[in-house]
Structure formats: structure tokens, C-alpha cells
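Okay, structure first, notes after.
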Amino acid sequence: MTNRLRRWALPAVASATVLLAGCARNAPQDIFQPEGDNARKIDDLQRIPFYLAGAVGVIVLVLTIFVVWKFKDRGQPIPHQGHGKAIVEIGSIAFSGILLLFCGVVSVKGIWQQAKTNDCKMTVNVTGQQWWWEYSYPAQAGIDTPIVTSGQLVIPAGQCVMLRITSRDVIHSFWIPKLNGKKDAVPGRVHLLRMEADHPGFYTGQCTEFCGLSHANMKMDLISLNDADFATWVGMQHAKAAAIADTESAAGRGETVFKSQCVRCHQINGLEDNDGNPLIAKADDNLVAGAAPNLTHFMSRTTFAGATYSLTNETCREDLINTPPDTFGAKYLAGVAEGCLNVIELKEWLRNAPAKKPMYPEVNDDGKGRGMPAFGEVLSEKQIDDLVEYLRTLK
Ligand code: CUA
């Protein structure tokens, strides 16, 4: 290989790799493939300066090459040294000014569109916490009693949903790239973010503000459903968990384990103690931020461990993601299908959660931690098996 070839080989390969990486289709978090009104407006907006700046860049490059070629030193006498042409100077400034003004006007118009709050039919409260997201649906048209869920946000397709975003501890940032830009979740503040998906489907996102040890694991799934499927989902979320009739079955024994250990932090609506009184999780007493995911409809979800892990195995997850919009809702509402549960990782999580996701499970002076402790030290393997059987019943 000649020296010249060697000098150019590495930069050429590196540039080609970067350029080709941009060609990846089917990228789940690609901002250049918007699938909702808000993301599309942002995409339209970035294209205007991109094309304008691109055109200006090409014109400047061509003129530069032309001047360098035309006035190359060929031994000709030095040309007349003038100050320049006023018309060209003023014209260039005016032309740039008009371009910038145009970009400014469309940008401000876009900002106003994104700030609109009066055309969204639904509201969902989104709360960030180290390291998961809680989604709570206040009572409103179509939802007569509030719903609390986590791991995945479910919205009706084809309409604007207003997210009211906040945090219980540090600053997080909510981002579903195909549906809208980012919005910070700041303790003590509520930030509004419009969310709209064109059609039923599966979207993913992740926390985009560094928020501590498991920032990189703070993901989210978003599910959009058509109106009828969304109404079905709401109905399912309103159902309370039924007590396991056979207390000697694996699920029954698992329920007992849940009542003795897990309910300290995790709420299951409908769960009762032996006297028939509702069991209320006391996450406040055990966790710094004061909340843990409500697990009432655990098996209706797509993730666990704060959306760090898929609740189903890879094949079933891919299968759901690739389901076309018209049959997506039915598939999603069927929940975790037989043979789909990610049993291995779920058990690993129950056994030793801190090993599966960096957290601060050690309790502070007030006896509060920031994550799930390792239950392998407290529970036997059989109890963990039973617990999984109980969790399977939480549809
Ligand atoms: Cu939450 Cu980063």
C-alpha cells in the first residue's frame, strides 16, 4: 500500500461507517422517522435550516473552487487592488439576514405549536424516580377512576395526550424520539409535553438526563391503541387482583410470600390481609423517593425492573413490536402469552435485583433505600418459584 493510500484509508473507512450507520432503517428511536404529529413538526423544522444551510454551503464551495481556479497564479500581473463592491457586501448581509429571519419565524411558530395545551383530550401524569417512570391517569372523560401503572405508557392513537411531567428525586428527562422531543422531569415542577402517535403501535424511549447509577437503564415503552382497545385497556386496569383461591397452590404460596415481603413497597390493588383488610404498600417507610411500581396488572405490561428488562423473551417482544397496527391492540391486550414470560431474568431479578441493575439498595440512616434489595438472601428458591407463579396471575 502506498503512503498516500494508507493516509486516507482510515478516515475513509471511519466516515463511511458513520454515514452508513445513518442509513439504518427500522431504528426504534430514530428522530428522522417521526410517527406522530409533534415529532413530525420538529422533523419538518430541522429540515428547513438543513436544506438552506446545505444550499448555501454548496454555493460557497463552488464559488471558492471557481475563484481559486480562475485567479490561480499563472505569472500574470497583480490585479487592481480595490476595496470591494458595496452592492455585494450589502447584498450578502441582506440575503443572510433574510434567510436567518425566515428560519427564526418558522422556529418560533413551531415552538408555539409545541406549547399548545388546549387541544389535548387526555392527561397523564408522568413521574420520574431513580430509576423508573410512573404513569398515573387522573379521572377524566373515558377514565372514571384513576389508574396507576409503570414501565410503559399506554395512550389512545391519533389524538393529543398531554403529559404532566415531574420527578420525585433528581432531574430526569422523558423522551420518546419517534413521537416528540425531550422534556425534563424536575422535582417540584410540572412540565407539559404533547404526545401523539399516528397509529396503534409500540414505541421506545429512554431517560436523557443523567440521573445517577442506573440512568442508562431508565427506559420506557409507549403503547398506542385505537379507541376501542384503549377503552378495553382502561377497563382491565380498573379490575382488582383476585385473591388466589387455593392457598396451597404455587400461586397461593407465592401470594403469601408477596404479602410478607413485597407489599412493603409494591401495591397490588385488591390484595387483603388475613382479616380481609386492604394491604397498602408502605413505600414511604422503605424508600427514599417514597414509591415503588404498582404491580396490580404486572402481566399486562411489556417490561419489569423499571423497564430495564423485557417481561417477555426476545422473540415475543419482537413479534409484538412488528405486529401491524390493525391487529396490534388485540395482541397487546392478550398480555404475556404462554411461553413468552422472561422467566430466567425475572427470577434473577427477584433473587438479586442489585446485580441486575445498579442501584443503592443499602438503607440509609432512616432505614430507606433507593432500589430493590436482593431477596435471594431472604427467600428460598422454591419461594421465588412460587412468587413468579403468583406474579403470572396479575393480568
Ligand atoms: Cu432518569 Cu436519567
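Taking 8 Å as the Cα distance limit and 6 or more residues as the minimum spacing, I'd like the relative contact order of the range 216-363 as a percentage.
Answer for the range 216-363 is 22 percent.
Within the shell of other residues whose beta carbon sits under 12 angstrom from the beta carbon of Val234, the net charge comes to -3, with Lys and Arg scored +1 and Asp and Glu -1. Remark: the range 151-283 carries 41 Å² of accessible area per residue (probe radius 1.4 Å; ligands, DNA and RNA excluded).
Helix-only arithmetic for the chain: the sum of -39500 (n - 2.57) across DSSP H runs with n ≥ 4, divided by the residue total, places the mean residue ellipticity at 222 nm at -12500 deg cm²/dmol. Treating only the Cα positions of the range 177-228 as identical point scatterers, give the base-10 log of I(q)/I(0) from the Debye formula at each q in 0.20, 0.28, 0.32 Å⁻¹. Ignoring solvent entirely, the Cα scatterers give -0.84, -1.20, -1.30.
Quick note on the range 1-141: its Rg to Rh ratio, both from C-alpha atoms and Rh being the Kirkwood radius, is 1.17. Full extension of the chain segment joining Leu100 with Arg74 gains 5.4 nm, where the gain is 0.36 nm per residue of separation less the Cα-Cα distance.
Checking the a/c ratio against 1.5 first, then a/b against b/c, what shape does the Cα gyration tensor give for the range 133-262? In terms of gyration-tensor shape, oblate. Taking a span of 30 Å or more along the helix axis (Cα atoms) and a mean Kyte-Doolittle hydropathy of at least 1.0 as the rule, the DSSP H helices of the chain that qualify are 86-115.
Ile42 exposes around 70 Å² of accessible area when a 1.4 Å probe is run over every protein chain in place. The mean accessible area for residues of the range 331-395, using a 1.4 Å probe and ignoring ligands and nucleic acids, is 53 Å² per residue. Of the peptides 160-166, 148-154, the ranking by mean beta-carbon count within 10 Å, highest at the top, reads 148-154, 160-166. Compactness of the range 209-355 is given as radius of gyration and Dmax, 16.7, 47 Å, from Cα positions. Close amide H pairs (under 5 Å, H built 1.01 Å from N) link Ile155 with Ile223, Ser224, Leu225, residues at least 5 positions away or on another chain. Residues considered: Val124, Val58, Val88. Largest GNM mean-square fluctuation over the chain, using C-alpha springs under 10 Å, is found at Val88. Solvent-accessible surface (1.4 Å probe) assigned to Arg194 amounts to roughly 10 Å². Which is the longest run of the chain containing none of the chymotrypsin sites (Phe, Trp or Tyr not before Pro) found in DSSP loop states (not H, G, I, E, B) with at most 12 other C-beta atoms within 10 Å? After excluding every exposed loop site, the longest remaining stretch is 211-395.
Our note on the geometry: Cα centres of the range 91-105 and the range 278-293, 56 Å apart. With a cut-off of 12 Å between beta carbons, the residues surrounding Met162 carry a summed charge of +3, where Lys and Arg count +1 and Asp and Glu -1. Look at where the Cα atoms of the range 122-164 and of the range 357-393 average out, and the two centres are 27 Å apart. Computed over protein heavy atoms with a 1.4 Å probe, the carbon and sulfur contribution to the accessible area of the chain reaches 61%. Given a Förster distance of 35 Å, report the FRET efficiency between Phe50 and Arg351 from their Cβ-Cβ distance, rounded to the nearest 0.05. According to the calculation, E is roughly 0.10. What percent antiparallel are the DSSP beta bridges of the chain, to the nearest 5? Bridges in the chain are about 65 percent antiparallel. Kirkwood analysis of the Cα pair distances in the range 39-112 returns a hydrodynamic radius of 15.5 Å.
Could you compute the net charge surrounding Ala374? Neighbours are other residues with a C-beta less than 10 Å from the C-beta of Ala374; K and R count +1, D and E count -1. Spelling it out: positives minus negatives among the neighbours equals +1. Rounded to the nearest angstrom and listed largest first, the equivalent-ellipsoid semi-axes of the chain from its Cα gyration tensor are 53, 25, 20.
The values are calculated or read from the model by the stated rules, or taken from the named source; none is laboratory data. Quick caveat, the model's predicted, so the values are computed rather than measured. Cβ coordinates were reconstructed from backbone atoms using ideal geometry, including for glycine residues, and neighbour counts include every protein chain displayed. For the accessible areas, the whole protein counts, side chains as well, though only heavy atoms, and no ligand, DNA or RNA atoms are used. Shrake-Rupley method; radii C 1.70, N 1.55, O 1.52, S 1.80 Å.
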